[in-house]
Amino acid sequence: MNILKVIYLIGFVSFSSFAQETVGIFYYKNVFGHVHSKSDRTSTSLTNMSCGHPVKVVQYQLSTVKGWSLVSVGDVKGYVETRYLDQKRPDCFQNAHPKFFNALNLDLNELYYWGRLYDQYLDGESRIQ
Amino acid sequence: MMFLNIVLMTFLAQAQTFQEKEMENIDFKELKNVLKEDFLEPVVEQKIEKVKEIKEQRQAQQIEKFNYPTEENFWGFISEYWLVKNASILKWDFEKPDYGLEGSVAELFEKLGLYQKKFKILPLNTPVVAHFSVPGNDGEMIYLISVPFLRSLDLNKLEISLLILEDYFRQEMAFFRANVNSPELAASLGQNFHNKKVSLKFVDDVLNNYTKLAFDSGYTFQQQFEVTKKMDLMLKSHPQIWNVYFQLLSKIDKLVKTNSAYEIYNKIYPSPEMQIKWLSPKEKVL
């Protein structure tokens, strides 16, 4: 009985800390990407992630820097551009064609650059006036 | 993290449903008489059918994993793969100021009635490719633009946007795809290679064709003529912008004739001099 109480207590404590520190679980939606050390595209990469990777969002849309969120991925805490996060699991190329994708045998250098690509794009769209 | 994912995926792939486990644990043949007496035979048949269905679905899912990309999701992927593979040549990974180019390109497109066109601009820190475009995902286009090239010509935002508009038409008029296509590509896209050896020849062919087009062979005179005529047609109702475009071609023509770093430009986009001729009003012979 005592063991059950301890388990319940541990569960409650971890749930409370999760609820306090986490906005929710989001998913990364580009082919590859980086968790940045600062809310800045040029800042160093703390870790690399692939499409569909679950990201624990600690602060959604920073009030100080527009378009960035504070996230936790594994034991790494850093910043990701909010527009690259999705609440639903995204349709990822590597999940749709896993055997083809694996056959490409991407190396670490390519994973790094593929993530950097999204840091370097300037996105735009013409709209109906 | 990736290892954990692999372990989880393997576990899920091997996991059996409740119905499948039940079918394995209970020998229905042994219980045939009991089931008959209890009128449970139809229930067993239903269960057998259900398990068969689950197994077929699972097998179909396994086979689907061996699908080659489709026409819809191939181009954006291969373009980014090419950009990644050529990152050290194209030098797009560099720190740059906010040029605000996205706004001026969108403004020009909107002025010309080209609405809801999504695009990505990728500045390059090298003169090896002056400007170029590749298809992106979901109908988007990716425009590469060399910062040293823009600086050499001291181009303003409208002039840069006009170069991007030219590249837009090269994609829109299907000239890009016509130049990078390979026979293996059409035969592979959307196909399945289950129980066959995966072939990446079409990937290599297309990547090589991208490289050849961007760095070496470029567009044909006919394609360039059609793009120039399209630009002429689109800009005719905006004489000021038309004049800027005409002046831009003169600037480029002068640069490529005097600066050896841009010698290749005439081969990739033949040629600014010809474009000026095609746009110039024909002289009347009296």
query: In a GNM of chain B with a 10 Å cut-off on Cα contacts, which of B:Pro127, B:Pro272, B:Pro239 has the highest mean-square fluctuation?
result: B:Pro239
message: Given the -39500 (n - 2.57) contribution per DSSP H run of 4+ residues, what per-residue ellipticity at 222 nm results for chain B, rounded to the nearest 500 deg cm²/dmol?
response: -19000 deg cm²/dmol
- prompt: In nanometres, what is the gap between the two model label sites at A:Asn95 and B:Lys196, each 7 Å from Cα along Cα-to-Cβ?
  reply: 2.7
message: Over chain B, with a Gaussian network built from C-alpha contacts below 10 Å, which listed residue (B:Asn86, B:Asn33, B:Asn156) shows the highest mean-square fluctuation?
response: B:Asn33
field: Positive-pole candidate from B:Thr220, B:Gln46, B:Gln61, dipole of the protein assembly as shown, charges at beta carbon
entry: B:Thr220
- request: Work from the charge dipole of the protein assembly as shown (Cβ charges, +1 for Lys and Arg, -1 for Asp and Glu, about the Cα centre) and give the residue of B:Leu200, B:Val256, A:Tyr84 farthest towards its positive end.
  value: B:Val256
query: Among B:Ser271, B:Ser199, B:Ser188, which one moves the most in a GNM of chain B with springs linking Cα atoms closer than 10 Å?
result: B:Ser199
- prompt: What share of all Cα pairs of the protein assembly as shown, in percent, falls into each consecutive 20 Å distance bin?
  reply: 21, 44, 24, 9, 2, 0
message: Residues of segment B:64-101 with backbone nitrogen within less than 20 Å of a virtual label 7 Å along the Cα-to-Cβ line of B:Asp216, please, listed as ranges.
response: B:79, B:81-91
message: Under a Cβ-only charge scheme (Lys and Arg +1, Asp and Glu -1), can you give me the dipole magnitude of the protein assembly as shown about the Cα centre, in debye to the nearest 20?
response: 760
message: Given points 7 Å out from each Cα along the Cα-Cβ axis, report the B:Phe225 to A:Asn109 separation in nanometres with one decimal.
response: 4.3
message: Counting only other chains, and only Cβ atoms inside 10 Å, what mean value do you get across the residues of A:99-107?
response: 5
query: Roughly how crowded by other chains is peptide B:81-93, in terms of the mean Cβ count from those chains within 10 Å of each of its Cβ atoms?
result: 4
field: Separation in nanometres of the label points that stand 7 Å from Cα toward Cβ, at B:Phe246 and B:Glu37
entry: 10.2
- request: Quantify how strongly other chains surround peptide A:49-59 by giving the mean number of their Cβ atoms within 10 Å of each of its Cβ atoms.
  value: 1
message: With the cut-off at 19 Å, tell me which of the pairs A:Lys66/B:Lys117; A:Lys66/B:Lys111; B:Lys21/B:Lys55; B:Lys91/B:Lys201 have Cα atoms farther apart than that.
response: A:Lys66/B:Lys117; A:Lys66/B:Lys111; B:Lys91/B:Lys201
field: Within segment B:135-246: Cβ-based charge dipole about Cα centre, in debye rounded to nearest 20 (Lys, Arg +1; Asp, Glu -1)
entry: 180
Greater than 22 Å apart at Cα, pairs in A:Lys99/B:Lys212; B:Lys118/B:Lys277; B:Lys236/B:Lys282; A:Lys29/B:Lys197; B:Lys157/B:Lys236; A:Lys77/B:Lys96: A:Lys99/B:Lys212; B:Lys118/B:Lys277; A:Lys29/B:Lys197; A:Lys77/B:Lys96
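Rule-based calculations on the coordinates, nothing more; no lab input. Everything numeric in this text was worked out from a predicted model, so none of it was measured. Every residue, glycine among them, receives a Cβ derived from its backbone with ideal geometry; neighbour counts consider all protein chains shown.
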